[in-house]
Amino acid sequence: MSEKILLSGLALLAATTPLPGAAAQEAPPAYLSQHETHADDIQAIQKLLTTYTTSVTNGDEAAFEALLLNDQVPFSSTGELVGPQADTEHVDTRRYSGFRQAIFASGVQYTQQFYNVHIEQDGVLAQVSLDFVTKDAKSGRGGYGWKVLQLLKAQGQWKIASEFYTARSLPNPS
């Protein structure tokens, strides 16, 4: 019995003893988690997200571009930047023109839906992460993934300052 207690004590000691060279993790100061967040800003960001999906679904390029800080914002799928076909020596994250061509100039009508939306805000800076599904309205084929948007509140309006997303093909219906 005393051998089991000794082994249990040694296991507990090993589990609670920091590894050599590992820094002790201090609790962060309380003020770090006190972001400046306002209900009216969260509502405005939610409205921006609704306008995003509506403009994609309706093919409304002007409404979509009104959401952007400008048309040179970083805007890309991760596959274009670091995938097998990516030019990692000359990375350019400003790829909105490709999105514009595919969504608004291709003649294909798409639907887009957002899920699992998480909004974080601190003053004039916000981050949105979400899952999305984009489908060709006629064929139902399309893609899905996860995206992260960085937003800035410029002249009283929330604008997309960057967007990065993963993209996968929708699974075939069974």
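The values are calculated or read from the model by the stated rules, or taken from the named source; none is laboratory data. Please read these numbers as outputs of a predicted model, since none were measured by experiment. Neighbour counts run over all protein chains shown; Cβ positions are idealised from the backbone, glycine included.
Remark: pairs (first residue in the stretch 36-52, in contact (Cβ under 8 Å) with a residue 24 or more places away in the chain and surrounded by fewer than 11 Cβ atoms within 10 Å (Cβ to Cβ); second residue acidic (Asp, Glu) and outside any helix (DSSP H, G or I); Cβ separation under 8 Å; 6+ apart in sequence or on different chains) = Glu36/Asp122. Taking the numbered list (1) within 16 Å of Leu152 (Cβ to Cβ); (2) outside any helix (DSSP H, G or I); (3) not aromatic (Phe, Trp, Tyr) in turn, Ile42 passes all entries but (2).
Based on what the data block shows, is Leu149 crowded, with 16+ Cβ neighbours inside 10 Å, out of contact with any helix residue (DSSP H, G or I) (no Cβ under 8 Å at 6 or more places or on another chain) and within 26 Å of Leu170 (Cβ to Cβ)? When the stated conditions are applied, Leu149 passes them. Specify the residue that is nearest to the chain's Cα centre (by Cα); the eligible residues are those in the stretch 49-83 that are over 15 Å from Gln101 (Cα atoms) and of a type in the set (Val, Ile, Thr). Step by step, filter the stretch 49-83, then rank; the result is Thr78.
Scan the stretch 46-63 and give yes if some residue there is at pLDDT 90 or above, of a type in the set (Asp, Glu), assigned to a helix (DSSP H, G or I) and within 16 Å of Gln150 (Cα to Cα), otherwise no. Looking through the stretch 46-63, none of the residues is at pLDDT 90 or above, of a type in the set (Asp, Glu), assigned to a helix (DSSP H, G or I) and within 16 Å of Gln150 (Cα to Cα). A residue that is surrounded by 12 or more Cβ atoms within 10 Å (Cβ to Cβ), in contact with a Pro (Cβ under 9 Å, 6 or more places away or on another chain) and assigned to a loop (DSSP other than H, G, I, E, B) occurs nowhere in the stretch 100-116. Inclusion of Ala126 among residues that are closer than 22 Å to Asp71 by Cα, among the small types (Gly, Ala, Ser) and either surrounded by 13 or more Cβ atoms within 10 Å (Cβ to Cβ) or at pLDDT 95 or above (or both) is warranted.
Take the conditions (1) touching a Lys or Arg at 6+ places or on another chain (Cβ under 9 Å); (2) buried (at least 17 other Cβ atoms within 10 Å of the Cβ); Ser162 misses just one of them, which is (1).
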